[in-house]
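The values are calculated or read from the model by the stated rules, or taken from the named source; none is laboratory data. Since this is a predicted model, take the numbers as computed values, not measurements. So basically every Cβ, Gly included, is an ideal-geometry build from the backbone, and we count neighbours across all protein chains shown.
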Amino acid sequence: MNYRTILLEVTDSVATITLNRPERLNAFTAEMHAEIRDALTGIEAPGAARVLVITGAGRGFSAGQDLAEGAVMSGDPSRADVARTLEENYNPLLHRLRALPMPVIAAVNGVAAGAAANLALACDIVIAARSASFLQAFARIALIPDAGGTYTLPRQVGMARAMGLAMLAEPLPAETAAAWGLIWKCVADDHFRDEVASTAASLARGPTRTYALLKQAMYASADSRFDDQLQREAALQREAGRTHDFREGVTAFLEKRPARFEGR
Ligand code: LHQ
């Protein structure tokens with residue numbers, strides 16, 4: 001299918017969604033959300049892909065919600081409902097990415113602002129170009145961080161830094177984001193695309209089913225008690241132990257050869 005606001009490419013089991021409104025720094029519109037939903041339906045189909053990469057066209061990753069989109073400011077201010085797009089678009093997207101049974105890489109090529117910053121930070125692996133930055137732009141327009149920001153930030157960088165980022169709304173350089181443990185890696189701009197491609201290719205050769213189970217375990221951990229998490233680990237490990245790739249992994253180890261995972 002031809003999209004107007006995104007590009008979708010699937011090569012060697014790596015699906016790439018490129019946010020593609022560079023003249024608006026890839027700001028999100030309702031149409032972009034609908035196209036991403038459609039693309040994800042294809043990517044989720046059995047055997048379609050083993051990794052998803054989300055990135056931006058041009059110089060930015062995304063400037064978050066398109067503030068010029070009619071729905072954002074329409075109607076009587078006392079009855080305005082900016083949360084509607086969260087409930088209809090962003091929140092379901094975040095849930096879907098978390099539940100996607102494969103690794104999701106945010107390849108942050110440039111500035112990621114507002115909801116787009118938090119969408120990127122909710123992905124499984126975040127790789128940023130050195131010139132990229134993360135901007136909790138919300139307070140600049142008198143909103144609170146959304147798209148999971150108030151969940152992700154205090155957990156990943158601690159309350160002091162989360163508050164500073166949210167209230168001061170200053171760009172956080174990619175290098176600092178990596179130093180703070182907010183993202184996986186910050187890579188020199190010249191090597192960024194190669195690094196994303198090699199990471200995606202490596203994950204695409206990995207034990208996809210196990211990655212899906214690992215996501216479930218990791219993301220449940222923030223809200224779990226120790227004992228519950230141990231039980232969850234055991235249940236999910238039981239499933240991992242029944243995959244073809246587990247047998248292959250152990251056999252390959254014993255035969256002193258690289259494993260050939262099939263993702264099942
Ligand atoms: C844009 C945008 C944009 C439209 C750049 N919209 N055009 C959820 C619920 C409902 C409502 C509200 O929001 C949310 C969640 C959110 O995401 S709230 C946060 C929304 N995002 C922002 O507040 C960020 C706004 N953008 C900026 O502050 C800057 O553009 C940054 C710092 C990201 C980049 O600055 P520059 O590199 O200097 O680029 P620029 O500002 O010149 O932008 C390039 C063009 O893109 C420009 O258009 P123009 O016609 O002048 O060339 C901007 O107007 C346009 N643009 N962001 N969010």
| Residue, surrounded by the fewest Cβ atoms within 10 Å (Cβ to Cβ), within segment 1-35, restricted to residues that are closer than 23 Å to L203 by Cα and either among the charged types (D, E, K, R) or within 15 Å of the ligand (Cβ to nearest atom) (or both) | E9
| query | Which condition number in (1) over 23 Å from P22 (Cα atoms); (2) modelled with pLDDT under 95 is the one that A71 fails? | reply | (1)
| query | Do we find that G75 is surrounded by fewer than 23 Cβ atoms within 10 Å (Cβ to Cβ), free of Cβ contacts under 8 Å to residues at least 12 places away in the same chain and not aromatic (F, W, Y) in this structure? | reply | yes
| note | Restricted to segment 97-141 and to residues being part of a helix (DSSP H, G or I) and within 10 Å of the chain's Cα centre (by Cα), the residue farthest from the ligand (Cβ to nearest atom) is R98
| query | When residues of segment 149-170 are filtered for being over 14 Å from Q65 (Cβ atoms) and either surrounded by 19 or more Cβ atoms within 10 Å (Cβ to Cβ) or β-branched (V, I, T) (or both), how many remain? | reply | 6
| task | Could you tell me whether any residue of segment 47-57 is surrounded by 14 or more Cβ atoms within 10 Å (Cβ to Cβ), in a loop (DSSP other than H, G, I, E, B) and more than 16 Å from the ligand (Cβ to nearest atom)? | result | yes
| message | Could you check segment 223-243 and list, in sequence order, the residues that are farther than 13 Å from G206 by Cβ, touching a Lys or Arg at 6+ places or on another chain (Cβ under 9 Å) and either in contact (Cβ under 8 Å) with a residue 12 or more places away in the chain or among the basic types (K, R) (or both)? | response | E239
| request: Can you give me the ranges of the helices (runs of 4 or more DSSP H) entirely in segment 171-264 with at least 3 residues that are over 28 Å from A57 (Cβ atoms)? | output: 208-221, 226-240, 244-254
| task | Would you check which residues across segment 1-46 are of a type in the set (G, A, S) and assigned to a helix (DSSP H, G or I) and list them? | result | A30, A34, A39, G42
| query | What residue, among those in segment 60-89 that are within 17 Å of D146 (Cα to Cα), part of a loop (DSSP other than H, G, I, E, B) and of a type outside the set (A, V, I, L, M), is farthest from the ligand (Cβ to nearest atom)? | reply | D81
